[in-house]
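Undergrad: Quick one: the structure is below, and I'll ask about it shortly.
The values are calculated or read from the model by the stated rules, or taken from the named source; none is laboratory data. In this text, all values refer to a predicted model and were calculated from it rather than measured experimentally. Surface accessibility is based on the protein's heavy atoms, side chains included, excluding ligands, DNA and RNA. Shrake-Rupley method; radii C 1.70, N 1.55, O 1.52, S 1.80 Å.
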Amino acid sequence: LPHSVVTGLDHLQQMVQQIEAGDNVVLLANHQSEADPQVVSCCMEMVGEDQVPGLAAMAANVVYVAGHKVTTDALAIPFSMGRNLLCIHSKKHIDADKESKPTKQRQNLRAMSGLLKKLKQGGQLLWVAPSGGRDRRDMTTGKVPFAPFDSKTIAMFRLMGNTSQIKTHYYTFAMFTYDFCPPQGFVAART
């Protein structure tokens, strides 16, 4: 945390005001590590109430839309604990096992129904990574470019915001957390 930087405090204050007014806020974020939900909360707490009043309550109530692996992957589980998670089976993994596909599809429908119910209540803050996965290091340059957002995912969250009949605001949210917790196997491949 002493080396972390949070910018855009004016936007954070605007989000707090929108949520307090009963509006919904959706953070369209890149995703670089399994620790991202904890990092978001810790950095918002680091900013503190003195700089952005209401930020602590907002940080405590973020709902993270995540893939199913956050509850099954040994690396992800500790970072998922204590976070408000809404788990969805990704398009990439839903077809991996044909027998479990119908069960995964039903789980996704229940999750999306629950998400819409929350949005209809208003005052919600959602974090979602519309790229569908984590940003990956380019091994030729060593840089970690942002994975492109999936336009269908953005359209789905826009539709849900409109369907909720509660004003919904959308913000892009950039994170640089890759080196904090690189993907499994990367450290070994780098040494």
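Undergrad: If the cut-off is a Cα-Cα distance under 21 Å, which lysines reach Lys98, setting aside same-chain residues fewer than 8 apart in sequence?
TA: Here the lysines satisfying the reach criterion relative to Lys98 are Lys69.
Undergrad: For Leu116, Leu125, give the ranking by accessible area with the largest first, probe 1.4 Å.
TA: Numbers: Leu116 40, Leu125 5 Å².
Correct descending sequence by accessible area is Leu116, Leu125.
Undergrad: Once ligands and nucleic acids are excluded and a 1.4 Å probe is used, how much of Met112 is accessible, expressed in Å² to the nearest 10?
TA: 40
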